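Each remark here refers to the structure printed beneath this line.
Only the coordinates and a few stated rules stand behind these numbers; no lab work does. Given the structure is predicted, the values throughout are model-derived calculations rather than measurements. Quick reminder, even Gly has a Cβ in these numbers, built from the backbone with ideal geometry, and neighbours come from all protein chains shown.
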Amino acid sequence: MTVLCLLVMCNKDDNKDVAITAISIPSSVPDMEITGTVEVTATVTPEKATGTITWSAADGKVTVTPVAGTNGRKATITAVSAGTTTVTASSGTIKSGNLSVTVKPAEGGEVAITAIAIPSSIDELEIDGDAEVTATVTPANATEAVEWVAVDGTGKVTVTPVAGTNGRKATIAAVSAGTATVTAKSASGTVTSNSLTVTVKEEEATPDYASDVAGTYYGGGDVTFTELVQAILGVPANGVVTNMVITLEKVDNNTVNMGFDADVSFLGETFTECELTVSPASSGYELTGEGKMPNPVEGQPDLNLFITGSLDTDGKLTLEIVADGAATFTLTAGPDAPGVDYASDVEGTYTGEGESYDGFYTMLDGDVTDITVVLVKADNGTVNMTLNAKMPMLGTVTIPCQLTVSSDYELDGIIPEFPNPLDETDTFKVIFTGSVDVDGKTIELLIETDPQRFTVSLTAVDAE
């Protein structure tokens, strides 16, 4: 009886259902073509589990059919449409991970687009600004490319597809102010999207403070030497600054390059250059900057300069320059050159010849002929120059520029943006340096470009 009971109990355990505690399926299968099939297996834990496996697909790109007689442990996946989807297996609340399936378009076949939707509007763009937009296609697995079309209105934009997106994304770039219309279409041209209106804002003008302060200023001031400099040079604490010429040349809309040329007590003629930042003030403009100045003590490193000042609405320039460890300059200048009228001494019409060389464009190298330089006084320290000359390849050119005239009749001037006669997309800075022999009425002028395009040196004599 005991043996019989044990046998009966064992048979009861063998017939009892064993629950599934985990399901494992492959994470992927090889890419499939439409109508292709592949068989996959679900592995259950524990092995003797008796539960049934149910299969499901995330969308209609594939169908999944359990293999008969396997209690769902095996299933056949059939490819329906192109794209990527996932398949899972489950038993009650127990679920497997995702199996990724990629269905390729049929050989030589393309899934056509039946509809395209794009945004109807985007945020306003500034000129040279851009924005990325997306085209949503139907069906989602369409393989046909999307093309973009921009139609100018009062404004202009360009549209460039984003690489690697089959035209599904594009970058809209603003060219000119106004409105323009953008649409997307299928490569076959049979489907067109809704319209996207793009508004490009007018470019806001940047205040040009530098042009307002640019010019030449004349004056003088006081200088106070530090005790260390007094001891080394054996000079009194206080001195004067005379024959001062300050030039302010525009670098950009709020920056000028300052040239400072003056006679300083106990030091002689002093010259330095540095950049100053220009900002608006309640009455005129404020100027600040830092630079370097040669040390009056031979063999010592240059002095650091700390510069603050202002230019009022009457054209009065005041500056304080602190030369670290050496001196403090308190300066006042105005637009009228005192004393000597340097401009009148050099004005006139000069003719001569020159040479163009060291050019980026080698075809411009050669003789420069038929030169006429006209200098007309603007104020006591400034002349307006008009240069006419015949250059290789270019023929006759005319270049106007304002030049500063220093006490030793040196000439300096700059054209910040000069159009390149050989490339309409290019501009460069033109820098003029030279001098006038007022006794011999001869002018020597060097014209350089930045970046380098050509260099011209010329000599001309007063035509009278």
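Helix 2-14 and the longest principal axis of the Cα set of the chain meet at an angle near 40°. Here region 342-462 is treated as an ellipsoid with the same Cα gyration tensor; its semi-axes, largest first and in whole Å, are 24, 15, 11. Relative to one another, the C-alpha centroids of region 244-298 and region 19-93 are positioned 81 Å apart.
Taking GluC sites (Glu not before Pro) across region 199-288, the ones in a DSSP loop with at most 14 further Cβ atoms lying within 10 angstrom of their Cβ are GLU202, GLU203, GLU204.
Of the peptides 290-297, 31-38, the order by per-residue mean of other Cβ atoms within 10 Å, starting with the highest, comes out as 290-297, 31-38.
Taken over region 115-201, the convex hull of the Cα atoms encloses 74 Å³ per residue. Only helices enter this figure: runs of n ≥ 4 DSSP H residues, each worth -39500 (n - 2.57), summed and divided by the residues of the chain, yield -1500 deg cm²/dmol at 222 nm to the nearest 500. Contact order, relative form, for the chain: 7 percent (alpha carbon pairs under 8 Å, 6 or more residues apart, mean separation divided by residue count). In summary, the aspartates and glutamates within cross-link reach of LYS16, defined as a Cα separation below 20 angstrom excluding same-chain residues under 8 places away, comprise GLU47.
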